[in-house]
Structure formats: structure tokens, C-alpha cells
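Step one of this worksheet: look at the structure below.
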Amino acid sequence: NELGDLGYINLGKDLVNHSINDILVQGAYPLCFLDYFGTPDLKIDEITNFIKGISESCIEYGKFPLIGGEIAEMNSIYKEKKRDLVGCIIGYKDTQFFKNITIESGDILLGFKSSGPHTNGYSLINKIVEQHKPNKDIMNTLLEPHTCYLNIIKKFIELYGYESIKGMCHITGGGLYNNLK
């Protein structure tokens, strides 16, 4: 288990947090979550910690349920030491978001700090790990879970109201410029 317990916990949290952000920018809140863990060799500690991370984020960001999932051990499909970790979120649209609003010149753009490379950074992380074999402290830093912005947005709404938010976007692989479009 190269990642250790914390690594799989953080990967579970990362999937949930990223998924929440993806629907939040569309004006939706999480309703439930499903997961998938594909592996060539079933290791109970990896799966247990992955589900623990998912569960902790589901509880932290609204106590919404993990309603199902799948574990697949397929050594003829997955390469040794490789895992396929997938999450699916179901949300509900809050109709108070983005009512009769036009984004226009002069509006204020706010950006919120990330915790690190986030989900789309794992290609880079994998390359670093393969080339440099970083120590455990660096690995834990690289595997810091994706920041979930749900509580920040809820607080913003509490202070300034829904009408103060004209739009949102989740900055991922395309970067700031491509995601703002």
C-alpha cells in the first residue's frame, strides 16, 4: 500500500469535494453520492479508507448519503498497482441561484484559494512520483484533498444573498481563462 491509509482517505474526499464543486457552480446542492473502486488485487485497507474519505466528506458537506457503489477486482483489466477510483454525485438545483442575472463589465470577480493541484493535477502528480519517488511528507502534501467550496458559498449567501452571485465556475484542467468562458 504505497499511498498509506491517509492517501486513500484523501482520494475519497477528493472525489466528493470535486463533484460538489462541479454541481455547485450550476446552482445545485448535493443530494447523494455513488462510488466505484476498480483494482487488480483487492486490498481491504485501501477500500475501507477510500470509503471512509468519501463518507467523511459526505457528512461534512451536508450529511448526504453514499447510496451505493461498486468494487471490482479485475486483474486482467487493471495493471498492477493501478486503481480506478470514480465518483458520481446527484444534486438538486436551487432555483434561487442566478435569477434574471446578466454578467457584465464592472462586476467583481472573486477567486478562492485551492488546497493544491486538485483532481486534475493527478496526471502531474503521477509523473512526479514515477520520476522522483518523493518521500511520505511530500506525497501527503500532493494528495491533499480538493478544497470543497460549498461552505464558503453558503456563508457568502448568508452574508450577501443569492442575488450577489451572478455566476460561478470551477477552475479545473482548462485553467482560469478557459474555465471562465
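Values in this text are rule-based calculations from the coordinates and carry no lab data. All values derive from a computational prediction rather than experimental measurement. Here the Cβ positions follow ideal geometry from the backbone for every residue, glycine too, while neighbour counts run over all protein chains shown.
Observations
- Calculated [θ] (222 nm, deg cm²/dmol) that DSSP helices of n ≥ 4 give over the chain, each run adding -39,500 (n - 2.57): -12500 deg cm²/dmol
- For the chain, a simple Cβ point-charge model (Lys and Arg +1, Asp and Glu -1, everything else neutral) yields a dipole of about 320 debye relative to the Cα centre.
- Among the listed pairs Lys81/Lys181; Lys136/Lys166; Lys13/Lys166; Lys43/Lys155; Lys13/Lys81; Lys43/Lys154, a Cα-Cα separation exceeding 30 Å is found for Lys81/Lys181; Lys136/Lys166; Lys43/Lys155; Lys43/Lys154.
- Here the convex hull built on the C-alpha positions of the chain has a volume of 132 cubic angstrom per residue.
- Label point distance in nm, Leu6-Ala72, each placed 7 Å from Cα along Cα→Cβ: 3.2
- Taking other residues whose beta carbon is less than 12 angstrom from the beta carbon of Ser19, and scoring Lys, Arg as +1 and Asp, Glu as -1, yields -2.
- Of all DSSP beta bridges in the chain, antiparallel share, percent nearest 5: 60
- Point-to-point label distance, Glu130-Ser164, nm (Cα→Cβ direction, 7 Å offset): 4.6
- Backbone HN-Hα couplings from phi across segment 65-81 [Karplus 6.51/-1.76/1.60, Hz, Gly and Pro as x]: x, 8, 8, x, x, 9, 10, 10, 9, 9, 6, 8, 9, 8, 6, 3, 6
- Pair Asn100, Asp84: separation of 7 Å Cα→Cβ label points (nm): 4.8
- Among the chymotrypsin sites (Phe, Trp or Tyr not before Pro) found in segment 46-145, those both in a DSSP coil and sparsely packed, with 14 or fewer other Cβ atoms within 10 Å of their Cβ, are Phe112.
- Formal net charge of residues neighbouring Leu66 (Cβ-Cβ distance under 14 Å; K, R +1; D, E -1): -1
- Between segment 29-77 and segment 125-153, the alpha-carbon center distance in angstrom: 19
- For the chain, the relative contact order comes to 31 percent (Cα pairs under 8 Å, sequence separation of at least 6).
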